[in-house]
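This report refers to the structure that appears directly beneath it.
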Amino acid sequence: MTTPTFPHDFLWGAATSAFQIEGSRTADGAGESVWDVFGRQPGAVEGGGDGSLACDSYRRWPEDVAILEELGLRAYRFSIGWSRVMPDGHRVNEAALDHYERIVDALVEAGIDPVVTLNHWDMPQALMADRGWIGRSTVDAFVAYAQAVAHRLGDRVQHWITQNEPWIIQLLGYQLGLHAPGIVDLAGSVVAGHHVLLGHGRAADAIKQVVPGAQVGVALSLFPCEPATGSEADREAAWASDGYVNRWYLDPLHGRGYPKDTRELWDGILLREGADFTLDDVILPGDEEQIGGRTDFVGVNYYTRRVCAAAPVTAERPFPWAVVGPTGDVPRTDEGWEVRPESFDALLRRLHDDYGAPRIMITENGGVYGDAPTHDGKVHDNRRIEYLRSHLRAVLSAREAGVDVFGYMQWSLLDNFEWALGYRPRFGIVHVDYPTGRRTPKDSALFYAQVVRSGVVPDEDPAHLPFG
Ligand code: FCB
């Protein structure tokens with residue numbers, strides 16, 4: 001029996017996003033982003049952290065590129081600061097494009113494929129004049145931004161990701177108000193989500209007009225929704241929850257339009273909320289055609305699963321399910337998220353089976369482990385090694401079953417600003433000492449580099465192996 005391995009041309013990389021690492025918020029004529037404004041609200045960010053310094057990557061990016069090179073990575077998923085390029089939402093700031101052009105040139109020079117995300121949540125605050133993504137005019141502003149970036153970088157960038165996590169934008173940004181722009185508006189959130197998807201479709205067309213050979217994708221936060229018990233009611237609840245979290249995005253992107261069951265659910269919610277519109281007023285004729293069939297690869301951000309049970313609708317819970325688990329003694333990261341590589345494998349197979357065998361890039365996958373440098377100056381994050389190992393085995397297993405996963409972007413290259421959770425959770429394979437900005441590759445980075453070099457993922461916990 002031969003051990004399955006990754007092919008030589010597999011796209012190995014690591015991911016970051018602009019607001020989470022850059023700092024230098026006003027450099028080169030940048031405009032304010034919704035995260036600059038949201039982060040100033042008392043209590044919005046744990047520990048009161050903000051993006052003013054972060055990893056200082058706006059200035060220290062050559063070090064980041066050098067680390068990618070040292071680790072032998074072949075791709076870097078990073079994002080362009082939207083509010084830097086379009087400070088007032090509409091006018092192009094060439095100085096910001098100059099900055100990103102220098103990064104792209106350095107990556108290409110080092111043989112590292114730039115995987116560019118356009119909207120990783122730092123939209124210009126100026127676009128709040130039309131309520132951010134709730135306003136349809138934001139779609140036009142996003143397309144103009146995509147065009148400007150494609151014109152400047154299109155000859156050197158092959159992989160594009162338009163939107164990062166439409167569901168999370170909708171849920172945390174517009175439904176619960178836990179992320180920028182901090183809006184709490186259940187009815188408005190579904191409108192925002194639709195405009196994010198429409199933005200994807202229209203930006204994909206705009207990019208391809210400029211760069212006909214571009215590969216354009218969207219990064220989805222996919223959470224397998226599994227029933228708490230075998231009961232019919234729980235199975236239905238899990239399916240309904242899957243509609244809300246996963247199918248609502250996957251179906252229209254694959255040209256099927258919005259799923260009927262979830263559309264009915266939302267229409268019921270709009271009625272209950274007393275909204276003065278229905279989905280027919282929001283999803284206009286032609287919109288679904290504009291969203292479908294424009295995804296050259298599906299970007300999968302996978303962290304964990306949801307365990308769902310049937311539950312009555314209440315004032316606090318507008319949906320007929322509750323996320324009840326996982327409970328009990330399961331492996332968890334330091335953030336409490338269940339470590340569940342089996343669900344990752346199953347998710348990838350499901351995408352293949354249910355959505356016509358799409359090309360898939362893992363655009364994010366990783367875990368929070370708080371290990372700090374020890375007296376030897378190294379970071380022995382063995383639990384992250386095991387997380388990585390088991391999830392890479394899951395990718396291998398899915399590939400063996402015929403799923404077309406062609407790349408893996410580990411989240412994250414660096415410890416960084418974890419949104420509302422501030423600087424506490426550490427996701428990086430490279431440790432960042434925030435006061436000095438010093439970067440130290442953790443043992444997991446060395447482990448990852450070895451997998452990248454060999455294409456082989458050990459089939460058992462390598463905790464005993466000497467990484468460090
Ligand atoms: C995802 C985000 C990314 C990071 C990880 C942990 O939802 O896309 O920026 O915060 O989670």
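When the P(r) of region 213-353 is calculated, the portion above 26 Å amounts to 33% of the C-alpha pairs. In terms of its alpha-carbon gyration tensor, region 14-464 comes out rounded; the largest-to-smallest axis ratio a/c stays below the 1.5 threshold. Over the chain, accessible surface divided per residue gives 37 Å², non-protein components excluded, 1.4 Å probe. Taken about its Cα centre, region 14-464 carries a charge dipole of about 420 debye when Lys and Arg each add +1 at the Cβ and Asp and Glu each add -1 at the Cβ.
Other residues within the sphere of radius under 10 Å centred on the Cβ of residue 10, judged by their own Cβ, net out at +1 (K and R +1, D and E -1). Counted by Cβ distance under 9 Å from residue 50, the other residues give a net charge of +1, where Lys and Arg count +1 and Asp and Glu count -1.
Compute, for region 269-391, the length of the dipole vector about the Cα centre, with Cβ point charges of +1 (Lys, Arg) and -1 (Asp, Glu) only. Units Debye, rounded to 20. Working shown, then result.
Details: 14 positive and 22 negative charges, 106 e Å.
Charge dipole, region 269-391, about its Cα centre: 520 debye, nearest 20.
Partners of residue 442 within straight-line reach, counting lysines whose Cα lies under 26 Å from its Cα and excluding those fewer than 8 residues away in the same chain: 378.
Which one of 68, 412, 176 is farthest out on the positive end of the charge dipole of the chain, using unit charges on Cβ (Lys, Arg +1; Asp, Glu -1) and the Cα centre as origin? Most positive-ward Cα: 68. Beta bridges per DSSP, both residues in the chain: antiparallel share near 20 percent.
Taking only DSSP H segments of four or more residues, each worth -39500 (n - 2.57), what value at 222 nm results for the chain once the sum is divided by all its residues, to the nearest 500 deg cm²/dmol? Write out the running numbers ahead of the final one.
Details: 15 runs with 171 residues, N = 468.
The helix-only estimate for the chain comes to -11000 deg cm²/dmol at 222 nm.
Quick check: at a probe of 1.4 Å, how many percent of the accessible area of the chain sits on carbon and sulfur atoms? It would help to have the intermediate numbers written out before the result.
Numbers: 8930 of 17270 Å².
Exposed carbon and sulfur together represent 52 percent of the surface.
Which net charge results when you count Lys and Arg as +1 and Asp and Glu as -1 among the other residues whose beta-carbon is under 15 Å from that of residue 201?
Neighbourhood net charge equals -2.
In the complete set of protein chains, residue-level accessible area for residue 45 is approximately 10 Å², probe 1.4 angstrom. Ordering 449, 258, 347 by Cα displacement along the dipole of the chain toward the positive end leaves 449 in first place; charges were set at the Cβ atoms of Lys, Arg (+1) and Asp, Glu (-1).
Shown for the chain are the DSSP H helices of 20 Å or more along their axis, judged by Cα atoms, with a mean Kyte-Doolittle hydropathy of at least -0.5: 94-109, 137-153, 186-210. For region 168-252, the relative contact order is 16 percent, taking Cα pairs closer than 8 Å that sit 6 or more residues apart in sequence and dividing their mean separation by the residue count.
The values are calculated or read from the model by the stated rules, or taken from the named source; none is laboratory data. For clarity, every value in this text was computed on a predicted model and none was experimentally measured. We place every Cβ from the backbone using ideal geometry, glycine too, and count neighbours over all the protein chains shown. Accessible surface areas use protein heavy atoms only, side chains included; no ligands, DNA or RNA. Shrake-Rupley method; radii C 1.70, N 1.55, O 1.52, S 1.80 Å.
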